[in-house]
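Worksheet: one structure, shown below.
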Amino acid sequence: MGIKYSTDRSSGFTIIELIVVLIIVLLGMTVVGANFSKVSPALQLKTVGGEVISALRLARTQAVSTQQAVSVRFNLYENTYQVQGQQTLKLPEDLTLSLVILRKNYAGNEIASIIFYQDGSSSGAQVLLELANHKKQIEVNWLTGKITRLGT
């Protein structure tokens, strides 16, 4: 009673079968990878909203630390924003930006500013970001300068 080993060569896979399986797996990974590379609008909006909030908080911090008013300017025509003295940042092309601000902080048809003062207060504003049926609202309290993200 011994163990018998088969000498039949048909019990394994051929190199051609292995290559075909690898090609199918690679094609499947390519399709899955392409779908993951597209960022969902909700995630993109959350990221952009966080960046705008960071810019607003930076302006408030600078105003308090330098004891000088600091503005955040939004160019509604070019879809950009800039903290005073910092580099201009571009918003996604398909994002819609709306602001509710004081009339005196709106210049022409395209430039709107939120101003932070030395004591931490601000001119106040509501910033609405919209992207593919997703919305984010950011509120800047005029009295305290506190920046709050509203909605999901």
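The values are calculated or read from the model by the stated rules, or taken from the named source; none is laboratory data. The structure displayed is predicted, hence computed values, not measured ones. When we count neighbours, we look across all protein chains shown, and the Cβ atoms used for this are built from the backbone with ideal geometry, even at glycine. To get the accessible areas, we keep the full protein, side chains included, count just its heavy atoms, and leave off ligands, DNA and RNA. Shrake-Rupley method; radii C 1.70, N 1.55, O 1.52, S 1.80 Å.
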If you fit an axis through the alpha-carbon atoms of helix 41-66 and take the longest principal axis of the Cα set of the chain, what angle between them do you get, 0 to 90°, nearest 10? 40
Please report, in debye to the nearest 20, how large the charge dipole of the chain is about its Cα centre when each Lys and Arg carries +1 at its beta carbon and each Asp and Glu carries -1 there. 340
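Rounded to the nearest 0.05, what FRET efficiency do Val20 and Ala42 give with R0 = 25 Å and r taken as the Cβ-Cβ distance? Could you check?
Details: r = 39 Å, r/R0 = 1.56.
After rounding to 0.05, the efficiency reads 0.05.
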From a point 7 Å beyond the Cα of Lys135 in the direction of its Cβ, which residues of region 72-114 have a backbone N at a distance under 19 Å? 94-101
Given a Förster radius of 35 Å and the C-beta distance between Ser98 and Gln118 as r, what FRET efficiency does 1/(1 + (r/R0)^6) yield to the nearest 0.05? 0.80
Residue-normalised accessible area of region 76-152, expressed per residue, 1.4 Å probe, Å²: 61
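Between Asn79 and Met29, what is the FRET efficiency for a Förster distance of 30 Å, r being their Cβ-Cβ separation, to the nearest 0.05? Mind showing how you got there, number by number?
On the way: r = 35 Å, r/R0 = 1.18.
The computed FRET efficiency comes out at 0.25.
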Identify which of the listed values of Rg/Rh (Cα atoms, Kirkwood Rh) was calculated from the structure shown: (i) 1.45; (ii) 1.07; (iii) 0.97. (i)
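Can you give me the % of accessible surface on the chain that is carbon or sulfur? Probe 1.4 Å, all protein chains present, nothing else counted. Spell out each step's value before the answer.
Numbers: 6250 of 10660 Å².
Percent of accessible area from carbon and sulfur atoms in the chain: 59.
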Report the relative contact order of the chain, percent, no decimals, based on alpha-carbon pairs under 8 angstrom and at least 6 residues apart. 19
Compute the acute angle (0 to 90°) between the alpha-carbon long axis of helix 15-37 and the principal axis of greatest extent of the alpha-carbon atoms of the chain; round to the nearest 10°. 10
